[in-house]
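Chemist: Let me begin by handing over the structure; questions about it come next.
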Amino acid sequence: MLRFDAVGLHYATGATPGPDVLRDLSFHVPEGAFRWLLGPSGAGKTSLLRLMYLAARPTRGSLHVLGSDIVAAPRRALPGLRLRIGVVFQDFRLLGHLSAFDNVALPLRLAGRGEGQIHADVTEMLRWVGLAARSDAHPAELSGGEQQRVAIARAVIARPALLLADEPTGNLDEAQAERLLLLFRELNRLGTTVVVATHNEHLVARQPAPALRLDHGRLIEGGA
Amino acid sequence: MARRSPLRPAGFDELGLRRALADRMLPFLVAAMAFLAALALAGWVGAATLAQHWQRGAGASLTVQVPHPDDPALGAPGTRVDRVLGMLDATPGIAGARTLTAAELQALLRPWLGPGPDPLLRRLPAVVAVRLADPPPGAAALATLGTRLDQAAPGTMVETQGVWIDRLLALARSLQACAGAALLVVAAVAAAVVAVATRAGLSARREAIEIVHGLGATDGFIAARFAGRATVLAAAGGVAGAVAALPVLLALASLAAPFAAGGSGPSAEISAAGLGRSLPGALPVALWLLLPGLPLAAAAIGFTTAQVTVRRWLRRLP
Ligand SMILES: Nc1ncnc2c1ncn2[C@@H]1O[C@H](COP(=O)(O)OP(=O)(O)OP(=O)(O)O)[C@@H](O)[C@H]1O
Ligand SMILES: [Mg+2]
């Protein structure tokens, strides 16, 4: 499902390559697995997830996502893979000009689903995250936690094969965080591979699962 | 509810382009381009029409003046003018030759000689109007003809409009070339305007594009959103420009009508009185066919430019 071999990443700052933010990562996440992604702030968790959701390509090493060689794949092969990956971004990345409903519907529309099906699925999903009454609200009219729940709904609406969440409980209360993890566990039980980056050690303690632990761009736990 | 329709809602605007792609500036600029293009087209068609008329009308005739027409010809029976007419009829490339009657001459000269019979008329040279075949004989052949006529009836002068026609044709061709160049420049500027507007739209909606791209939208999908919008805006501008140019073209056409009507004489003047004519007849057919092409061309330029601009820009994303 996810295979990293000696992967390195640095961001380009202008023409010169910046310092390595990820170094020599080698690990394997099998299909249907659940992984915590842990590490102090600035360790490179978001950068690692960016590689997984194809927002960046490795600058070194080899990477396989959903069975495809990402280093060798042509650019036009990536959109099809992205459609099968659900992402909860640390900063939500909702579209401000669209309602909560249309934000959640976006992955289904990009996948070309029929509007009838979309309406049923999105309504159901918004009810599940407790936003049925706010489906016409725009992100700016929603609280941080409500926006996060819209972002979560958008990530899981298309039943992705791979679900990646970057600090998905940062704006949620304890009960909501609990419910969210139940959802992730349920999706995981149904076959979705799940990787959740978090600082929240309580959460991790309540849901024991193998972890990938980063420090200064290196993997110090969970490597292959 | 509209959302229950089985298809993607018509005009659903994932990228928020309705506000981002300048919906007043772009059509206005494209309209200005279309207006200029319409003028250039009119110039092109007008120059082509005039060239054709000159070539067919004036270019197809010449006049021959025979002094002392009624004197006997040298070394041949008949008068000098008969001899010249005979030679003209026998010359290949000449469709017909006829002597102007005294009345016609008098009508021609009335501005100088005044009305009424004038004794001067009798001493005037005869004027032979010659119609040339299509295609007309070349300049060299006409020069030879002049020499031969002058030998048969000394003093005879052939007046070709050939030199003038050649100059006018060269002028008309240059005008056509200029109009063509103007069209190309206008099209290039229109493409540049669409490209700039698209770039502005891209940077205004950069975040939305990155999000939609990250969710799995293809370059083709994103480019199609922009191209669709640019096509509509450019086509609207094209229509507005063409419509705005129409009164100007009609005015120009009515000014040009006397020249384009062909030759001179009463029939030309009647048709040149243009006012009573129907609208479709007021512009050359070619222009009626080309004008609706302006919005189409604008739409095509909008579509292609937006597609190319967006696809190029998207290459910076992974
Ligand atoms: N776009 C970027 N350009 C340059 N450097 C970046 C960029 N994004 C992240 N970095 C750097 O890469 C390193 C890792 O950042 P990253 O966001 O992956 O950390 P993180 O583990 O997600 O931290 P946090 O827990 O605070 O979200 C940091 O030093 C950061 O400054
Ligand atoms: Mg982070």
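Derivation of every value follows stated rules applied to the coordinates shown; laboratory data play no part. Keep in mind it's a predicted model, so treat the numbers as computed, not measured. Positions of Cβ are generated from backbone atoms using ideal geometry, with glycine treated the same way; all protein chains shown enter the neighbour counts.
Chemist: Return the average number of partner chain Cβ atoms within 10 angstrom of each residue Cβ along peptide B:144-152. Let's see the in-between values first.
Modeler: Working: counts 0, 0, 0, 0, 0, 0, 0, 0, 0.
Going residue by residue through B:144-152 and averaging, the value is 0.
Chemist: Remind me, what semi-axes does segment A:2-221 give for its equivalent ellipsoid, largest first in whole Å, using sqrt of 5 times each Cα gyration tensor eigenvalue?
Modeler: 29, 20, 17
Chemist: What is the average number of partner chain Cβ atoms found within 10 Å of a Cβ in B:205-211?
Modeler: Per residue, the number of nearby Cβ atoms from other chains is 3 on average.
Chemist: Let me ask something else about it. With the contact rule set at Cα under 8 Å and sequence spacing of 6 or more, what percent relative contact order holds for chain A?
Modeler: For chain A, the relative contact order is 31 percent.
Chemist: From the phi of every residue in segment B:133-140, what ³J(HN,Hα) in whole Hz does the Karplus formula 6.51 cos²θ - 1.76 cosθ + 1.60 yield, where θ is phi - 60° and glycine or proline is x?
Modeler: Each residue of segment B:133-140 in turn: 6, 10, x, x, x, x, 4, 5 Hz.
Chemist: Taking just the C-alpha trace of segment A:43-94, give me its Rg and Dmax in Å.
Modeler: 11.3, 32
Chemist: How big is segment A:1-48 in terms of Cα radius of gyration and Dmax, in angstroms?
Modeler: Rg and Dmax of segment A:1-48, Cα atoms, are 12.8, 40 Å.
Chemist: Pick out, from B:L105, B:S61, B:V186, the residue whose Cα sits farthest towards the positive end of the charge dipole of the protein assembly as shown, with +1 on the Cβ of Lys and Arg and -1 on the Cβ of Asp and Glu.
Modeler: With unit charges placed on the Cβ atoms, the residue in question is B:V186.
Chemist: Sticking with this structure for a sec: Putting +1 on Lys and Arg Cβ atoms and -1 on Asp and Glu Cβ atoms, find which of A:V87, A:P139, A:H97 reaches farthest to the positive end of the dipole of segment A:81-224.
Modeler: A:V87
Chemist: Among B:P92, A:T198, B:W313, whose Cα lies farthest out toward the positive end of the dipole of the protein assembly as shown, if unit charges sit on the beta carbon of Lys, Arg (+1) and Asp, Glu (-1)?
Modeler: A:T198
Chemist: In Å and on Cα atoms, what radius of gyration and Dmax does the protein assembly as shown show?
Modeler: According to the Cα coordinates of the protein assembly as shown, Rg and Dmax are 40.9, 133 Å.
Chemist: Hey, another quick one. Please work out the C-alpha center-to-center distance from segment B:195-245 to segment A:59-120 and express it in whole Å.
Modeler: Going from one Cα centre to the other spans 22 Å.
Chemist: Then there is this: Roughly what % of Cα-Cα distances in segment B:134-206 sit above 14 Å, to the whole percent?
Modeler: Tail of P(r) above 14 Å: 77 percent of Cα pairs.
Chemist: Which whole number gives the average, over all residues in A:85-98, of C-beta atoms from other chains lying within 10 Å of the residue C-beta?
Modeler: Across A:85-98, the average partner-chain Cβ count within 10 Å equals 3.
Chemist: Next question, about the same structure. Work out from phi, with θ = phi - 60° and the Karplus expression 6.51 cos²θ - 1.76 cosθ + 1.60, the ³J(HN,Hα) of each residue of segment A:135-142, listed in order in whole Hz, and give x for Gly and Pro.
Modeler: For segment A:135-142, the Karplus curve yields 5, 8, 6, 8, x, 5, 8, 10 Hz.
Chemist: Roughly how many debye, to the nearest 20, is the charge dipole of segment A:72-224 about its Cα centre, given +1 on each Lys and Arg Cβ, -1 on each Asp and Glu Cβ, and no other charges?
Modeler: Value, rounded to 20: 700 debye.
Chemist: Over the alpha-carbon set of segment B:68-155, work out the extent along each principal axis and list the three values in angstrom, largest first.
Modeler: Principal-axis extents of the Cα atoms in segment B:68-155, largest first: 39, 32, 17 Å.
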